[in-house]
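Okay, structure first, notes after.
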Amino acid sequence: MKKKSAEILNSPELAAMDGFISKMENLPKLKEVIESAEPQPKWQAMIAGFASQFPGLDKYINEYFGPVLESIGLGFLVKPKKGKEEGKKEVKGKKTEGKKADKKPAESEETPEEEKKKPIIPEGPLDGPEQVPESFRPGKTLITSDSNFAVLEANMHKDLQEILNTSPQEMLSKGSMQSSWGLNQLRSKPAEYFKDLEYAVIGFGSNDLGSDDSAETIWGRLNEIAQVLKEKNPNIKVLMATIPPAKGNTYGLWGSNFDLVEEKRAEINKRIKQAQIDGQIDEVIDLAAKHQEGGLADDKDPSAMAKTFWRHGDRVHAKADALAKAVRRTQYKNSTKAA
């Protein structure tokens with residue numbers, strides 16, 4: 001029996017099932033098949049009986065597929081964790097009331113029903129529950145950034161400039177520059193320059209992290225950039241990108257003290273997200289999120305960029321089309337709020 005169990009756990013069929021379930025877009029299809037099975041109770045009993053015949057398979061299901069199975073109606077295959085049982089429990093042959101059964105979940109805890117209602121599709125800037133219509137035309141957009149977004153200014157990316165409704169004239173972006181450069185550029189522009197702008201994208205931070213500046217100092221400049229934009233045009237919508245992962249960067253502290261850079265990056269990104277909650281900016285373009293959550297980061301190592309987004313083998317800078325998609329989705333998200 002142990003041999004059969006090992007064969008199943010290492011089988012290509014189970015690996016294929018693992019790969020199928022791990023892709024979010026496949027889950028609705030799987031749920032549809034399950035709900036249409038006839039008769040469903042008999043089908044469920046068959047799977048449960050099958051799982052019970054192979055020691056170790058239930059552990060595999062619990063650890064790797066538990067949340068997914070519960071979300072699509074296969075929670076009967078997942079064994080409840082100890083201490084979570086409701087109702088009565090037997091102790092030495094006598095039935096006693098389980099004290100934990102009366103314990104109400106804390107306000108921050110989610111019930112199984114609430115967990116099931118969670119969307120299974122990520123809401124990050126590169127992926128999400130809604131599709132951006134081809135007909136969507138954003139308002140005039142300013143992009144101020146270091147080398148991350150500066151790539152969009154190139155002549156070869158005129159098509160991306162068009163879908164974002166920006167142009168080289170609205171690109172205050174330059175490689176190797178820090179947020180202090182961007183702040184000075186914005187301050188030097190007259191109010192007339194900003195009057196027709198609907199969106200402004202802020203994409204600084206990567207080069208700042210390579211310096212000795214603290215997270216607080218760097219965030220202070222990013223926040224000041226947002227304030228200057230609002231002062232120049234009170235109606236402008238400020239979209240700020242979280243600082244994406246850049247493992248492999250050798251510039252400054254990136255190369256000499258990577259752990260410290262990662263600590264600062266996490267702190268600044270936390271403040272960027274809080275700034276939206278506090279109303280200091282309008283939207284966050286969460287480039288730092290994991291790939292499976294709609295961001296640029298590698299799922300297994302969030303300190304590195306997922307290889308699929310590398311720019312021609314450059315593990316530090318993302319492809320222009322990925323960045324354009326992230327901005328466009330965020331523009332559309334903001335426009336639907338206004339509607």
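The values are calculated or read from the model by the stated rules, or taken from the named source; none is laboratory data. If you're wondering where the values come from, they're calculated on a predicted model, not measured in any experiment. Heads up, the Cβs are rebuilt from the backbone with ideal geometry, glycines too, and the neighbour counts pull from every protein chain shown.
For segment 157-188, which positions are over 22 Å from ARG137 (Cβ atoms) and out of contact with any Leu (no Cβ under 8 Å at 6 or more places or on another chain)? Within segment 157-188, LYS174, GLY175, SER176, MET177, GLN178, SER180, TRP181, LEU183, ASN184, ARG187, SER188 meet the criteria.
Filtering segment 265-313 to residues that are part of a helix (DSSP H, G or I) and closer than 12 Å to ALA246 by Cβ leaves ARG265, PHE309.
Rundown of residues vs (1) in contact with a helix residue (DSSP H, G or I) (Cβ under 8 Å, 6 or more places away or on another chain); (2) assigned by TED's automatic domain parsing to the domain that holds GLN161; (3) within 20 Å of PHE149 (Cβ to Cβ); (4) surrounded by 22 or more Cβ atoms within 10 Å (Cβ to Cβ), yes/no style:
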position: SER256; (1), (2), (3), (4): no, yes, no, no
position: ASP259; (1), (2), (3), (4): no, yes, no, no
position: GLU263; (1), (2), (3), (4): yes, yes, no, no
position: GLN276; (1), (2), (3), (4): no, yes, yes, no
position: HIS291; (1), (2), (3), (4): yes, yes, yes, no
position: PRO302; (1), (2), (3), (4): no, yes, no, no
position: ALA318; (1), (2), (3), (4): yes, yes, yes, yes
position: ARG328; (1), (2), (3), (4): yes, yes, yes, no
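From the list SER180, SER176, pick out the single residue that is of a type in the set (Ser, Thr, Tyr), at pLDDT 95 or above and out of contact with any strand residue (DSSP E or B) (no Cβ under 8 Å at 6 or more places or on another chain).
Every option except SER180 fails the conditions.
A Cβ distance below 9 Å, combined with a sequence gap of six or more or placement on separate chains, defines the contacts here; from segment 245-261, residues that are modelled with pLDDT under 95 reach residues that are buried (at least 16 other Cβ atoms within 10 Å of the Cβ) and part of a loop (DSSP other than H, G, I, E, B) in the pairs TYR251/GLY210. If you go through segment 314-323 and keep only what is free of Cβ contacts under 8 Å to residues at least 60 places away in the same chain and either over 18 Å from the mean Cα position of the chain (by Cα) or under 17 Å from ILE243 (Cβ atoms) (or both), you end up with just ASP314.
Considering segment 105-133, and only residues there that are within 13 Å of GLN331 (Cα to Cα) and surrounded by fewer than 10 Cβ atoms within 10 Å (Cβ to Cβ), the residue that is modelled with the highest pLDDT turns out to be PRO133.
A single member of SER206, SER214 is surrounded by fewer than 22 Cβ atoms within 10 Å (Cβ to Cβ) and either touching a residue at least 40 places away in the same chain (Cβ under 8 Å) or in contact with an Asp or Glu (Cβ under 6 Å, 6 or more places away or on another chain) (or both), and it is SER214. Looking only at segment 224-244, decide whether some residue is small (Gly, Ala, Ser) and in contact with a Gly (Cβ under 9 Å, 6 or more places away or on another chain). Yes, that holds for at least one residue. In segment 305-313, is there at least one residue being charged (D, E, K, R) and under 28 Å from ASP196 (Cα atoms)? No, segment 305-313 has no match at all.
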